[in-house]
Amino acid sequence: MATLDWVILVLTLLSIVVYGVWKTKGSKNVEDYVKGGKDTKWWTIGLSVMATQASAITFLSTPGQAFHDGMGFVQFYFGLPIAMIVICLVFIPIYHKLKVYTAYELLEKRFDLKTRTLTAILFLIQRGLAAGITIYAPSIILSAVLGWDLRTLNIIIGLLVIIYTVSGGTKAVSVTHKQQMFVIMTGMFFVFFFILGSLPSDISFSETLKLAGANGKLDILNFEFDTKNRYTFWSGITGGFFLMLSYFGTDQSQVQRYLSGKSIRESQLGLIFNGILKIPMQFFILLVGVMVFIFYQYNPSPLNFNPAATEAVLNSDYADDYKALQAGHEELQLEKKMAQSEFSSALKLKDFNAIEQAKIDVVAVNKTELAIRNTAKDIISKSDSAIETNDKDYVFIHFILNNLPMGLVGLLLAVILSAAMSSTASELNALGTITALDLFKRNSKEGFSQKYYVNVTKVFTLVWGIIAIIIACTAYLFDNLIQLVNIIGSIFYGNVLGVFLLAFFVKFVKGNAVFIGAIITQVIVFILFFVLIFPYESGQEKLGYLWLNAIGCGLVVAIAMLIEGFDRTLRKETVEA
Amino acid sequence: MEPKENSEEPNSFIWKKEYSLVLILNTLYILLFHFLMKVNI
């Protein structure tokens, strides 16, 4: 990496940390530290909510996903806008009315202490794991491609976040999110226009889209009703809706962002901002991935984007087989370039028959390339069964390091690390708050000062930061990283969402029924996960993981209502007897 | 009676024009995606 890249990277990250600490020091009370003084404006809330959801995984994995599988992943977010409206209509007014500091505090007011504690603990388990993965995911990829030490990288990312999150609490998280979003979007726009500028001069943007379309990369909508398919219109609009409703409505890392709003109106507008911009933003990130695909139609690409996998196979008994495959792949590059040129010439001539023939050639050459890549994966697996052959997460970073000019490399690395910091900061902020307020403060004697609880929250935020670093240092990579975080969320979210829906809409259900229902549901969801999802390869699962959200939510509502109804009938019979 | 714009009173289940805007814009996005697929030649 050039000196200029280092300067841009280090200056960007340090300025965010220093600004976060300087701007927000000296929280006087818990409201200041946990709710950011309750004076956050709607655009800050909107950016903060978006920055929290957009982790480094989003920027490493999503373009790679589009590169290989096209833009269908955007359907995952189709339920988000509806979820934003439901939260604005129902959740935000109730949170503000009850003046809660955490989402789970509401459950004690509606049910009882044990339900609050159970949901808080479920949150700590899943969010604590996710915080570790949020740090680990970029670290493992950056260490593989840059040769940096994995543990050192984990510790650096973790420490940078800890410094400003512990120091300034929610306000520090919000103010740094604005800068991080600015860095992230600037970097992604630069990449987009760089690729456009580096394609052959006779190819227009609309021809680029047609090339992408001919290669199946613009197959955005899938209306098939197939529960095994992870990303369809229906799974996005239903499973995605439940996941987003649960994530934005009940996950403290998001709830804390809009609880800091100056008024109900500011909180609602913050989420509306997210509801309007989220799908275009994800579409744009996927489009960058498609542009990377187009870029590699005209420029050489490696057989497998994961350098560790390539190194492993080249140092094994299968090195000759792999080298032969590499030679075949290199020959194909020329063929690919010619096929794409013929296709764009045919488009210019508007000759229908020539376009059809060129399209067949383009698809054929890309199918051949896909077959070669799959054979390469098989050889890599044979050489070392433990190594990750799925190279989706390495596509974008390979492009950044090998094809971007000096300066942009540093900026894009700052994008990835900013994204890692932005989501980790919200997570640590929420983990510290939940532990301090829902578990420690709720179960300790009254009479301590505000300053004492601010310090306790700081200590717990620090402790969770250290735990996240430890998890990051001991985590193992499996499948596509962005999906791993979503799978962990889906196991718990449906259940917690169901508890909240019971609290809001089903007045006759009481605490005991909800508590037992939540425990039974969690056990059933775990069984479903370990029987129908976990044993299967990615894409071969018997049940798409997004459905766990709807199942968990439906189950806890049904079981709690049944238990309450049964309990009431029993009591009635006892009284009558 | 319509609630005041900046009222601090909880106003659950009151539909606001921004919610319609979210639905309309997102429907347009999906139609745009459909169009992008159709111009796939």
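Every residue in the range A:52-73 that is away from every other protein chain (no Cβ under 13 Å) and not in a helix (DSSP H, G or I), please.
If the condition is that a residue be away from every other protein chain (no Cβ under 13 Å) and not in a helix (DSSP H, G or I), then A:54, A:55 are the ones that fit.
What pairs come out if I take residues in the range A:74-95 that are more than 7 Å from chain B (Cβ to nearest Cβ) and pair them with residues that are of a type in the set (Lys, Arg) whose C-beta lies under 7 Å away, six or more apart or interchain?
Cβ pairs passing all conditions: A:77/A:278; A:80/A:278.
Checking the conditions here, which among A:4, A:9, A:14 is among the aliphatic types (A, V, I, L, M) and without any contact (Cβ under 8 Å) to a residue 40 or more places away in the chain?
A:14
From the list A:110, A:127, which residue is buried (at least 24 other Cβ atoms within 10 Å of the Cβ), touching a residue at least 40 places away in the same chain (Cβ under 8 Å) and closer than 30 Å to residue A:503 by Cα?
Just one listed residue meets the conditions, A:127.
Being of a type in the set (A, V, I, L, M), crowded, with 20+ Cβ neighbours inside 10 Å and either more than 14 Å from every other protein chain (Cβ to nearest Cβ) or under 30 Å from residue A:164 (Cβ atoms) (or both) narrows it down to one residue among A:181, A:185; which is it?
Being of a type in the set (A, V, I, L, M), crowded, with 20+ Cβ neighbours inside 10 Å and either more than 14 Å from every other protein chain (Cβ to nearest Cβ) or under 30 Å from residue A:164 (Cβ atoms) (or both) holds for just one of A:181, A:185, which is A:181.
Quick one: residue A:234 ticks every box in (1) aromatic (Phe, Trp, Tyr); (2) more than 14 Å from chain B (Cβ to nearest Cβ); (3) farther than 30 Å from residue A:457 by Cβ; (4) part of a helix (DSSP H, G or I) except a single one, so which number is it?
Condition (2) is where residue A:234 drops out.
Of the residues A:353, A:390, which single one is surrounded by fewer than 21 Cβ atoms within 10 Å (Cβ to Cβ) and under 27 Å from the mean Cα position of the chain (by Cα)?
The match here is A:390.
Could you tell me which of the residues A:334, A:413, A:417 is over 30 Å from residue A:114 (Cα atoms), loosely packed, with under 15 Cβ neighbours inside 10 Å and out of contact with any Phe, Trp or Tyr (no Cβ under 7 Å at 6 or more places or on another chain)?
A:334
Got at least one residue in the range A:41-51 being away from every other protein chain (no Cβ under 11 Å) and more than 26 Å from residue B:15 (Cβ to Cβ)?
Within the range A:41-51 (the criterion being away from every other protein chain (no Cβ under 11 Å) and more than 26 Å from residue B:15 (Cβ to Cβ)), the answer is yes, since at least one residue qualifies.
Please go through (1) part of a helix (DSSP H, G or I); (2) over 27 Å from residue A:501 (Cα atoms); (3) at pLDDT 85 or above for residue A:207 and return the number of the only condition it doesn't satisfy.
With respect to (1) part of a helix (DSSP H, G or I); (2) over 27 Å from residue A:501 (Cα atoms); (3) at pLDDT 85 or above, residue A:207 is out only on (3).
Before we move on, is residue A:225 assigned to a helix (DSSP H, G or I) and out of contact with any Cys (no Cβ under 7 Å at 6 or more places or on another chain)?
No; evaluated as a whole, the condition is false for this residue.
Out of all the residues in the range A:96-107, which are closer than 23 Å to residue A:32 by Cβ and either more than 14 Å from every other protein chain (Cβ to nearest Cβ) or not β-branched (Val, Ile, Thr) (or both)?
The answer is A:96, A:97, A:98, A:99, A:101, A:102, A:103, A:104, A:105, A:106.
Right, residue A:37: at pLDDT below 95, over 27 Å from the mean Cα position of the chain (by Cα) and part of a helix (DSSP H, G or I) or not?
yes
Would you list the helices (runs of 4 or more DSSP H) that sit entirely within the range A:407-523 and hold 3 or more residues that are over 27 Å from residue A:51 (Cβ atoms)?
Correct list: A:450-474, A:481-505.
Any residue in the range B:2-17 that is within 7 Å of chain A (Cβ to nearest Cβ), part of a helix (DSSP H, G or I) and modelled with pLDDT under 95?
No, the range B:2-17 contains no residue that is within 7 Å of chain A (Cβ to nearest Cβ), part of a helix (DSSP H, G or I) and modelled with pLDDT under 95.
Which residue, of A:145, A:161, A:175, is part of a helix (DSSP H, G or I), in contact with a Ser or Thr (Cβ under 8 Å, 6 or more places away or on another chain) and within 23 Å of residue A:285 (Cβ to Cβ)?
Exactly one of A:145, A:161, A:175 is part of a helix (DSSP H, G or I), in contact with a Ser or Thr (Cβ under 8 Å, 6 or more places away or on another chain) and within 23 Å of residue A:285 (Cβ to Cβ), namely A:161.
The values are calculated or read from the model by the stated rules, or taken from the named source; none is laboratory data. Given the structure is predicted, the values throughout are model-derived calculations rather than measurements. Note that we place each Cβ from the backbone using ideal geometry, even for glycine, and neighbour counts take in every protein chain shown.
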